[in-house]
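The values are calculated or read from the model by the stated rules, or taken from the named source; none is laboratory data. These figures come from a predicted structure and were not determined experimentally. Methodologically, a virtual Cβ is constructed for each residue, glycine included, from the backbone with ideal geometry; neighbour enumeration extends over all protein chains shown.
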Amino acid sequence: MELLHVLITAIIAFAAAHRLLAYGLAFLLAAAEAFPVVGALVPGTAVIVGLGALVPGGALAIWPLIGVTAAGALAGDGLSYLFGRHYKQHAIGMWPLRARPGLLAAGEAFFARHGSKAVLISRFLPGVRAAIPMVAGMSGMSAVRFYAVDICAAALFALAHIWFGMAIGASLAILHAIAGRLVVLVLILVAALALVVWLTPLAIRRTIGLVARLRGPVLQWAEAGDGWARRLVSSALDPERPEALGLLVLGAALIGGLWMFFGVLQDVIAGDPLVRADAAIFHFLQSLRTPVIDQVMVAITELGDAAVVIPVLLVTLVWLAWQRAWRAAIYGFAAVAGASLFAFLMKITLQQTRPDAIFAGWNSYSFPSGHATASAALYGFLVVLICREVGVRARVAVTLAAVLLVGAIAFSRLYLGAHWLSDVMAGLAFGVAWVALLGIVYLQHARREVHAPGLGAAGLAVLLVAGGLHIGAKHAADMRRYAVTLPVRQMTVADWRNGGWASLPERRVDLTGDYEEPFVLQWAGSLASLKAALLEHGWLVPVPWDLSSSAEWLLPNAKADALPVLPHLDNGRSEALVMIKTGGNVPRGQRLILRVWPSGMVLTNAGLTQPLWIGTVVAEKVEHLKPFASLVDEQNDVNSALQTLRADLPGIELENRAPAEAQWNGEVLLGDLEPLN
């Protein structure tokens, strides 16, 4: 496979440099794929798609390329057809068919099943593409009929492959600029999607299993005495009631939702690490934003707007009224109205500000997320109604679809910077708990069917229609509303030097909200000047992460400067500069690592501005786990590494934070090799 990849890459590079030969190459490869056995060895499809990728850049012209590709496919198919028509069954014993007798057998079976359509279909199926034209000739298919179908097949083949290649080529320029961030974000989304798809059915099965095991002992306890609580439990767990198991599942959801909501609420009020994680995750997701994903996320968040939620709710209520399921209609209205009212009251009570000022009035408050709360309530109650009347597999499918939709809306609020993580968690938790409570009460008294398939279809239809209309009307304005606008603070140079430096963060904050190593460096101006100063004193740019450097970790005797540096985030921001130092006054088997991040502040003086950076320096000890691998152990003592950094930046100012610690004496270095005068 590696050899084939190299071959394809070389062919495409050659074609880019020789335009006329590229057209001939497309003709020959499209034709060669039509010959039995030989066609399987020719990477024609991959190269033709690659040639199509050269069209957006102007290296090749679209219509000549499509024309020669279609002509090549037609010529190859025609020769194969004439070969089969001339030699009939004698062709089976001729080279190269005698080496692959099963190929014609598969082609004959495919042709017998599809008839003339096989000529068109096989053009897009590598497994039988090379056999069908010959089989058509051997079977006596008329030339007029064969060429009538094959001309269409060749044209569609050329159009599909060249246009696909053009789409790839047009995307390369965008992907080149956003590849790193896009890959990280796609990995996060794929991992989250896989987790949801895996966990939702698992959680349903485990919850049902646990509830089934506890049902007997709890029912025995309820029937052993008297009292309203025992009577309520006994009624809910009555084996004669088919909804008893669903009631227990909703009970578990109610307890879990309330536990999460009040846990998040306590963290927000007390300012626990979750609040620091809010800022870290916000900055991290903002650093991953790309125009392409922004378009998708804005569209998803618009599905949670009132302009979509209200039509879905109204259609649901109309459907329930038509079915005369008045109780279900009342509970459905209460689910959305109650959740939205609760979110509004919490917003104006706590008055937690959003990450960015994208709304005015009471909408400027963020806790909890109204989108997450209302969406969880609406689609959660639809799940309750539908799952009451469908089988197990349908329940899992409906629940999974609702989880994916609500989860996507909730994540879009995080990605777009409209809410903190705590806002979204609280909104989802309350929405689930509120729906579970209403569902328990509703199932206790539900008597009338709601015709779940029709309800689900109606809800999905209005979601698509209302969502499409709303996205079409508001998408451009919302793209401007949710545009990236990271706040930047300002401070004068004089204020910074006269104590303002102490207002900057004291320690790095990781994604979980925990405080990590201290910031011992504040640098004003260009990082190029800091990098140049350190290079003069033996500091190095670390090796980048690639296949070769990653393999160093598997060597039991790897050198400190050969190992790539593990990335660290501060408040979700990635490092702007990383440098290492080994040898000299650094102990053997160790390396010093300097990491620098943007501080979110700029210094001003006389109308001029310059960025302010904050950095950490730590010592890492390389440990050799012979004969298996090498590891690094970050040392807790910052003082020795700080003194080395100070010595390598002559003229740098020294300040102190109080009180000092055993592992850090509180010293902070203030540097500026390009002062604003």
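Summary of values
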| quantity | calculated |
| --- | --- |
| Members of segment 270-297 found to be of a type outside the set (A, V, I, L, M, F, W, C) and within 20 Å of His371 (Cα to Cα), listed by number | Asp278, Gln286, Asp294, Gln295 |
| Sole residue being surrounded by 13 or more Cβ atoms within 10 Å (Cβ to Cβ), assigned by TED's automatic domain parsing to the domain that holds Gly67 and small (Gly, Ala, Ser), chosen from Ala118, Ala112 | Ala118 |
| Hits in segment 286-307 (condition: in a helix (DSSP H, G or I) and either farther than 17 Å from Met479 by Cβ or of a type in the set (Gly, Ala, Ser) (or both)) | Ser287, Ala299, Ala306, Ala307 |
| Which numbered condition Tyr415 fails, given (1) touching a residue at least 24 places away in the same chain (Cβ under 8 Å); (2) under 30 Å from Ala325 (Cα atoms) | (2) |
| Residue check for Leu554: more than 30 Å from Val668 (Cβ to Cβ), in the same structural domain as His624 (by TED's automatic domain parsing) and in contact (Cβ under 8 Å) with a residue 60 or more places away in the chain | yes |
| Among the residues listed as Gly39, Gly57, the single one being under 23 Å from Tyr147 (Cα atoms) and modelled with pLDDT under 75 | Gly39 |
| Filtered residue count, segment 548-583, keeping only those that are of a type in the set (A, V, I, L, M) and outside any loop (DSSP other than H, G, I, E, B) | 9 |
| Residue that is nearest to Ser366 (Cα to Cα), among those in segment 330-345 that are out of contact with any Ser or Thr (no Cβ under 8 Å at 6 or more places or on another chain) and surrounded by fewer than 23 Cβ atoms within 10 Å (Cβ to Cβ) | Phe344 |
| Any hit, segment 366-376, residues being surrounded by fewer than 18 Cβ atoms within 10 Å (Cβ to Cβ), free of Cβ contacts under 8 Å to residues at least 60 places away in the same chain and not β-branched (Val, Ile, Thr) | no |
| Residue pairs meeting the criteria (Cβ under 6 Å; at least 6 apart or on separate chains; first in the same structural domain as Ala306 (by TED's automatic domain parsing) and of a type in the set (A, V, I, L, M, F, W, C), in segment 456-467; second at pLDDT below 85 and buried (at least 20 other Cβ atoms within 10 Å of the Cβ)) | none |
| Lone unmet requirement of (1) assigned to a loop (DSSP other than H, G, I, E, B); (2) among the small types (Gly, Ala, Ser); (3) surrounded by fewer than 13 Cβ atoms within 10 Å (Cβ to Cβ) for Gly538 | (3) |
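Results for (1) assigned to a loop (DSSP other than H, G, I, E, B); (2) farther than 22 Å from Phe284 by Cα; (3) of a type in the set (A, V, I, L, M); (4) free of Cβ contacts under 8 Å to residues at least 12 places away in the same chain, shown as yes or no for each residue.
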residue: Asn585; (1), (2), (3), (4): yes, yes, no, no
residue: Ser599; (1), (2), (3), (4): no, no, no, no
residue: Thr604; (1), (2), (3), (4): no, yes, no, no
residue: Pro611; (1), (2), (3), (4): no, no, no, no
residue: Gly615; (1), (2), (3), (4): no, no, no, no
residue: Ser640; (1), (2), (3), (4): no, yes, no, no
residue: Gln643; (1), (2), (3), (4): no, yes, no, yes
